[in-house]
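Colleague: Pasting a structure here, questions to come.
The values are calculated or read from the model by the stated rules, or taken from the named source; none is laboratory data. Everything numeric in this text was worked out from a predicted model, so none of it was measured. Here the Cβ positions follow ideal geometry from the backbone for every residue, glycine too, while neighbour counts run over all protein chains shown. The accessibility values were calculated without ligands, DNA or RNA, using every heavy atom of the protein model including side chains. Shrake-Rupley method; radii C 1.70, N 1.55, O 1.52, S 1.80 Å.
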Amino acid sequence: MKRSRNLVYAVLCFFVIALVACEKEEANEQESMTLDLPIIPFDYSSLNLPSHFTIDVGGQILPTSINGIDNTPTDNLITDDGATLGRVLFYDKKLSANQTISCASCHKQENGFSDNEILSLGFDGGLTSRHSMTLINARFYQRGRFFWDERASTLEEQVLMPFQDPVEMGMTLEQVVNTVQSQSYYSELFENAFGTQEVNEERISKALAQFIRSIVSYSSRYDEGRSLSNSPGANFPNFTTEENLGKNIFFQTIPNGGAACFGCHTTEAFVSANPGPQNNGLDVISTTDLGAGEVFANPVFEGRFKTTSLRNIELTAPYMHDGRFSTLEEVVEHYNSGIQNHPTLSPALIDDNGNPIQLNLTQSEKDALVAFLKTLTDNSLEIEEKWSDPFN
Ligand code: HEC
Ligand code: HEC
């Protein structure tokens, strides 16, 4: 009798201990998902660009400044609280169908907000049909259209599309709104950002767009040299001879011995100015991916894709819309000797005889061009806390 009572106690004790242990584990898990946000929000709203970004250099064919190319709409200016909310949404895995994927899964801070994989892994193990894109300097794309094929007409429209993509996050917008509503940490963030706790699609879209537009790069070795020089074409005192040679090749026109890269990757933000998507000679014909041709339902756009910013290009490998090149050396060799004669090939890449250009760069010139591209790396971007994961 006594023995069996002891046994009952022992069993009971075991359950109590197990229960306490379980509870503790649960608490730990919850704790590990808490948000780590500063009491005073980070500064996202003041754009502290060095003066070379906003002062045009005289006597150049193309504008160097970013004046007039910012695609921020007047009804969605960046606020510190708005971008803070955007940061939390950007890193929140609960916003995918099985809570495994966030925007940041495919736009990784350490990879220049792109993905180091050729194609990215969606929530259910599927692969995206194109290579992920960098989000750096998204605000300086004057046309304000997004995706490789430019199918989104604004950033506000774009940021809601990955949630609904059947491969990427697999949600409906209604599910996204409901999930956001049911997380206690969002009430205060919405109130700070928009004045009330109401959650809706428009607010989610605005906050995400604000966060992305805040990601701007301006403290690379290029910027250091540029701020000590009168123009991008001058010899930068902080550059090696090789880097200065590479810079000349990047900026000079082809008849002047350059490679005219600046013609398409232009301004101090190294983005494309108008006129929109270009064909940079990757293929002879377009077969599986028609690019902008499908979006604008017009064969003159076939094989044309958005020109991305080259800032931090060293971090965003692999390259191009299909991630076909794994190194900058391969990219440079493409422009040097690999341009294909596609019907929509950009006129900038066709020579006087109507053939695809051949740059005929020497090995040391190609090395120099790569060395220059690496001066566009801004290491602060990789570690800046305001753009990092706020969930611990
Ligand atoms: C599963 C991977 C994946 C996830 C998750 C994902 N993206 Fe993307 N993102 C991509 C790919 C791939 C592209 C290019 C697709 C294309 O052009 O067809 C892209 C393109 C973009 C672009 C276009 C950039 C430009 O310059 O045109 C933006 C902006 C963007 N994503 C933001 C987001 C946001 C915001 C989220 C979360 C709501 C998100 N992404 C979630 C893979 C992903
Ligand atoms: C006619 C316009 C044009 C010129 C000139 C041009 N590019 Fe590009 N560049 C593009 C386009 C368009 C893309 C995207 C193409 C794609 O993915 O289909 C691109 C993509 C790139 C990429 C990959 C970007 C990424 O995010 O994957 C790099 C690197 C690059 N170019 C470097 C250069 C260099 C270096 C030069 C000079 C030798 C140059 N470009 C000249 C239009 C141009």
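Colleague: For the stretch 51-217, with only Lys/Arg (+1) and Asp/Glu (-1) charged at the beta-carbon, what is the dipole magnitude about the Cα centre, in debye rounded to 20?
Modeller: 320
Colleague: A follow-up question, please. If I model a spin label as a point 7 Å beyond the Cα along the Cα-Cβ vector, how far apart are those points for GLN60 and ASN256 in nm?
Modeller: 1.1
Colleague: About the Cα centre, and with charges only on the beta carbon of Lys, Arg (+1) and Asp, Glu (-1), how big is the dipole of the stretch 91-158? Nearest 20 debye, please.
Modeller: Working: 8 positive and 9 negative charges, 28 e Å.
The calculated dipole for the stretch 91-158 is roughly 140 debye.
Colleague: Here's another thing I want to ask about it. Looking at the stretch 305-339, which GluC sites (Glu not before Pro) are in a loop (DSSP not H, G, I, E or B) and have at most 12 other Cβ atoms within 10 Å?
Modeller: On the way: sites: GLU314, GLU329, GLU330, GLU333; in loops: none.
Nothing satisfies the criteria.
Colleague: May I ask you to list the residues of the stretch 201-235 whose amide nitrogen lies under 18 Å from a point 7 Å from Cα along the Cα→beta-carbon direction of THR154?
Modeller: Counting only backbone N, you get 201-214.
Colleague: Follow-up question, since we're still on this one. Restricting to Cα pairs below 8 Å that are 6+ residues apart, what does the relative contact order work out to for the chain? Please round to a whole percent. Before the final figure, lay out each step's value.
Modeller: On the way: 688 pairs, mean separation 80.6, N = 392.
The value is 21 percent.
Colleague: Projecting each Cα onto the charge dipole of the chain (Lys/Arg +1, Asp/Glu -1 at the beta carbon, about the Cα centre), which of ALA368, ASN244, THR327 comes out farthest on the positive side?
Modeller: The residue sitting farthest along the positive end of the dipole is THR327.
Colleague: Next question, about the same structure. Which value does Rg/Rh take for the stretch 51-217 over its C-alpha atoms, Rh per Kirkwood?
Modeller: Values: Rg = 16.8 Å, Rh = 16.8 Å.
Value, to two decimals: 1.00.
Colleague: Rounded to the nearest 10 degrees, what's the angle between the helix 363-374 long axis and the longest principal axis of the chain, both from Cα atoms, 0 to 90?
Modeller: The angle comes out at about 40 degrees.
Colleague: Another question, then. State the percentage of accessible surface on the chain attributable to carbon and sulfur atoms; use a 1.4 Å probe and exclude ligands, DNA and RNA. Write down the numbers at each step before the final one.
Modeller: Numbers: 10200 of 19120 Å².
Of all accessible area on the chain, carbon and sulfur atoms account for 53 percent.
Colleague: Roll a 1.4 Å probe over the protein chains and send me the accessible area per residue for the chain in Å².
Modeller: Values: 19120 Å² over 392 residues.
Using a 1.4 Å probe on heavy atoms only, each residue of the chain averages 49 Å².
Colleague: Return the whole-Å distance between the Cα centroid of the stretch 47-87 and the Cα centroid of the stretch 114-142.
Modeller: Their Cα centres are 23 Å away from one another.
Colleague: Kirkwood Rh over alpha-carbon pairs of the chain, then Stokes-Einstein at 37 °C and 0.692 mPa s: what D in µm² s⁻¹, rounded to an integer? Each step should come with its number before you reach the end.
Modeller: Details: Rh = 23.1 Å.
After rounding, the answer is 142 µm²/s.
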